[in-house]
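Presented below is the structure to which this report refers.
Throughout, read-outs are computed from the coordinates displayed, never taken from laboratory work. These numbers were taken from a predicted model, which means no experiment stands behind them. Here the Cβ positions follow ideal geometry from the backbone for every residue, glycine too, while neighbour counts run over all protein chains shown.
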Amino acid sequence: MSARWRLRFRRRASGSGRHPVVALAGNPNTGKTTLFNRLTGMRQHTGNWPGKTVLRTEGVCLSPFGTFRIIDLPGTYTLLAATAEERVARDFICFGQPDATIVMADATALERHLTLVLQVMEITNRIVVCVNLIDEAQRKGVAVNTGALEESLGVPVVATSARSGSGVTELMRAVRQVVDGRIELRPRQVTYGELVEQAVDDVIAMMDPMLAAHVNSRWLALRLLEKDHTVFEALREYLTERDMPQDTLMDGILALAGR
């Protein structure tokens, strides 16, 4: 296996003694870098993502709830992979299988930032929403009901001020609970029309025997039906890295996507 895939599409090894991997995602200017620096301090390093001229930053978080490996994903507004940064973020969340993903949202412009939250929730339910800049929101007279938001989204929501450190302990407690499976996660699922849902079910039925234990088949089916060629490429690379047969599967998916 190449070094590229060891880095990018790692295998989850529960109980192996490794540190849980936590992805940090969010729009630019949400305080993501500030939170990353607070969590990791000087225990961080940077480089480029394998095969991409996109900055890769990761570090180690020593928290009261254990040690975590934090992967700071490129700041993105969407996971539709129009840019190299979006593709890196999307592929890591989908195929890299982090133990949890923190999605940053700006408390002063929450509605706009929930688009990315919902997109990440389509890929994984192992998510904690971090409503950051809560102090700025309060100064502007904006109140955020995190309890109601948590109930609506079906995943943990924690308000923070990464700059002051407020709420960061509670955030990492929620991350620990997600990693350990001690929170019932009921992420809101977007449903599409009957014809789309039937096509999704057909693609899932084809993929599940091979992929169900590894990736979110529903999200993958939706992207493949959209004929997102970057997802086709990522899936081929993923199957190749794991020495999985791909020709029959990919041919079947292409046939369904083109119907």
Estimated dipole of the chain in Debye, rounded to 20 [Cβ of Lys and Arg +1, of Asp and Glu -1, Cα centre]: 1020 debye
The chain: angle of helix 84-95 to the longest principal axis, Cα-based, in degrees nearest 10: 80 degrees
Cβ-based net charge around N125, under 13 Å, with every Lys or Arg adding one and every Asp or Glu removing one: +1
Relative pair counts by distance (%), Cα atoms of the stretch 28-71, 5 Å bins: 5, 22, 25, 23, 16, 7, 2, 0
In degrees, nearest ten, helix 110-123 long axis to first principal axis of the chain (Cα): 40 degrees
Under 15 Å, Cβ to Cβ, from T46 - net charge with Lys/Arg +1 and Asp/Glu -1: +2
Where the Cα pairs of the chain fall when distances are cut into 5 Å bins, in %: 1, 6, 13, 18, 19, 17, 13, 8, 4, 2, 0, 0
Charge tally in the Cβ shell below 15 Å around V190, where Lys, Arg are +1 and Asp, Glu are -1, V190 excluded: 0
Relative contact order [Cα under 8 Å, 6+ residues apart], the chain, whole percent: 17 percent
Fully extended contour minus Cα-Cα distance, from Q138 to S152, at 0.36 nm per residue: 2.9 nm
